[in-house]
């Protein structure tokens, strides 16, 4: 019995439809590819957005690091200048020549004020605290208290645990810097240090 050509055609159409459905709707079908392609495009857009955010954050971090390094450099320069003043007061002719050449005044209160006026990155309160620590220090505070209380230089040296010669030099330096006056009394600057 021969097969009717219409049935053969119907079976072939049915097979084609099944194959077409399998292509379109199975796991690797066109619709699935389209969905995955849309997801990939969304992920690419998100990557671009995150990359631009990352770049802006990196620029902010770099500028913050640069600001901190400039602040630190200015603080180091200020510290070095104040230490040079201390060295000049202890007798270093090299430090004295260098400072007087740079600031145009002799070692003293005016020079310290000029040093503290330089630079704008470090606040004034920090500069003052740093100057007190370097130029006066703990032994200087002991000497200021003792001398202002009327103790002799030898007694003040003993209170600070220093040899009298070193104590005399340090007291002379405190006078030059304006912490003590000529009568060995505290100035307003000296009283401020002892607060």
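The values are calculated or read from the model by the stated rules, or taken from the named source; none is laboratory data. This structure is a prediction, so every number in the text was calculated from the model and none was measured. FYI the Cβ positions are ideal-geometry reconstructions off the backbone, even for glycines, and counts take in every protein chain you see.
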Residues 190, 91: which one is assigned by TED's automatic domain parsing to the domain that holds residue 70 and either more than 32 Å from the chain's Cα centre (by Cα) or in a helix (DSSP H, G or I) (or both)? 91
Set 50, 99: member being within 29 Å of the chain's Cα centre (by Cα), part of a helix (DSSP H, G or I) and surrounded by 13 or more Cβ atoms within 10 Å (Cβ to Cβ): 99
Taking residue 139 and the conditions (1) under 30 Å from residue 67 (Cα atoms); (2) surrounded by fewer than 18 Cβ atoms within 10 Å (Cβ to Cβ), which numbered condition does it fall short on, given that it satisfies the others? (1)
Unmet requirement for residue 75, which otherwise passes all of (1) under 23 Å from residue 192 (Cα atoms); (2) surrounded by 14 or more Cβ atoms within 10 Å (Cβ to Cβ); (3) touching a helix residue (DSSP H, G or I) at 6+ places or on another chain (Cβ under 7 Å): (3)
Any residue at all in the stretch 147-167 that is closer than 23 Å to residue 95 by Cα, assigned to a helix (DSSP H, G or I), without any contact (Cβ under 8 Å) to a residue 12 or more places away in the chain and not assigned by TED's automatic domain parsing to the domain that holds residue 75? yes
Condition first: surrounded by 12 or more Cβ atoms within 10 Å (Cβ to Cβ) and more than 32 Å from the chain's Cα centre (by Cα). Can you find one or more residues in the stretch 24-33 that meet it? yes
Taking the stretch 110-131 and keeping residues buried (at least 17 other Cβ atoms within 10 Å of the Cβ) and within 18 Å of residue 178 (Cα to Cα) leaves 111, 112, 115, 116, 127, 131
